[in-house]
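Report on the following structure.
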Amino acid sequence: MKQLLLVCLALFTSIGYAQISIDELNINSQLTDTIQFSIWEVHTKEMSTPGDTKKEYKKELKRITLSKEDQELIIAKLKDPESYIQERALLYHYDLVFLFYKEDVIVTEVRISTLTGNIDIDNKLTKSSIKSKCANPMKSVLLNLLRKHEFLSED
């Protein structure tokens, strides 16, 4: 009986994520005048090894303001259902952050992990959010943005 209950609970949770529509996030260029794109170095307990003495930390490595062209591109990709896969990695980690501003107020925050492909989108105005995973079309756009703005090192 417990196993059946756990299976039902797991299925209900995955259906709950699938019920949120990208349209509910209301991501559009009318509600955004600036998008800042940053890359972070994040170290969490989940990423440590046995005996690791490093503390948890977050450190912003680089931040830029996207051009109008790049803003339209990322908004189009975020609105495209083909940009997402309905699955998720368990590891909580992110290193790419997009902050959408309207009149100097953050209206939407997008956090992406290059390690897991997870994407979290939080609309601060509507209090709605999506937690999903990036599909290949989204990954391609992100990689191009990283190259264009020299976020990738050639090491």
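The values are calculated or read from the model by the stated rules, or taken from the named source; none is laboratory data. Note that this is a predicted model, so its numbers are computed, not measured. Quick reminder, even Gly has a Cβ in these numbers, built from the backbone with ideal geometry, and neighbours come from all protein chains shown. Only protein heavy atoms, including side chains, enter the accessible area calculation; ligands, DNA and RNA are left aside. Shrake-Rupley method; radii C 1.70, N 1.55, O 1.52, S 1.80 Å.
So which lysines can Lys124 reach, going by Cα to Cα under 25 Å and dropping same-chain residues fewer than 8 places off?
Lys58, Lys59, Lys62, Lys68, Lys77, Lys79, Lys102, Lys133, Lys139
Select from the range 41-70 those GluC sites (Glu not before Pro) which occupy a DSSP coil region and have at most 14 other Cβ atoms within 10 Å, ordered by residue number.
Of the GluC sites (Glu not before Pro), the ones in loops of the range 41-70 whose Cβ has at most 14 other Cβ atoms within 10 Å are Glu56.
When 1/r is averaged over all different Cα pairs and the result inverted, which Kirkwood radius in Å belongs to the range 45-139? Present the calculation step by step, with values, prior to reporting the outcome.
Details: mean 1/r = 0.0670 Å⁻¹.
Answer for the range 45-139: a Kirkwood hydrodynamic radius of 14.9 Å.
Out of the chymotrypsin sites (Phe, Trp or Tyr not before Pro) in the range 58-101, which ones are loop residues according to DSSP with at most 16 other C-beta atoms within 10 Å? Walk me through the numbers on the way to the answer.
Working: sites: Tyr84, Tyr92, Tyr94, Phe98, Phe100, Tyr101; in loops: Tyr92, Tyr94.
When the chymotrypsin sites (Phe, Trp or Tyr not before Pro) of the range 58-101 are filtered for loop state and at most 16 Cβ neighbours within 10 Å, Tyr92 remain.
Tabulate in residue order the Karplus-calculated ³J(HN,Hα) for the range 135-144, using 6.51 cos²θ - 1.76 cosθ + 1.60 with θ = phi - 60°, rounded to whole Hz; enter x for Gly and Pro.
Running phi through 6.51 cos²θ - 1.76 cosθ + 1.60 with θ = phi - 60° gives 8, 4, x, 5, 4, 5, 5, 4, 4, 5 Hz.
Residues with amide H under 5 Å of Ala135's amide H, sequence separation 5 or more or different chain, H placed in the peptide plane at 1.01 Å from N; which?
Tyr84, Ile85
Keeping all protein chains in position, work out how much accessible area Val105 exposes to a 1.4 Å probe, and write it in Å² to the nearest 10.
80
Sticking with the crude label model, points 7 Å out along Cα→Cβ, report the distance from Gln36 to Thr126 in nm, one decimal please.
Placing both labels 7 Å beyond Cα along the Cβ direction yields 2.4 nm.
Tabulate in residue order the Karplus-calculated ³J(HN,Hα) for the range 53-63, using 6.51 cos²θ - 1.76 cosθ + 1.60 with θ = phi - 60°, rounded to whole Hz; enter x for Gly and Pro.
Here the 3J(HN,Hα) series is 9, 5, 7, 5, 7, 9, 9, 6, 8, 7, 9 Hz.
Could you check the simple spin-label distance between Leu152 and Ile106, using points 7 Å along Cα→Cβ, in nm with one decimal?
Label-label distance for Leu152 and Ile106, simple model: 2.7 nm.
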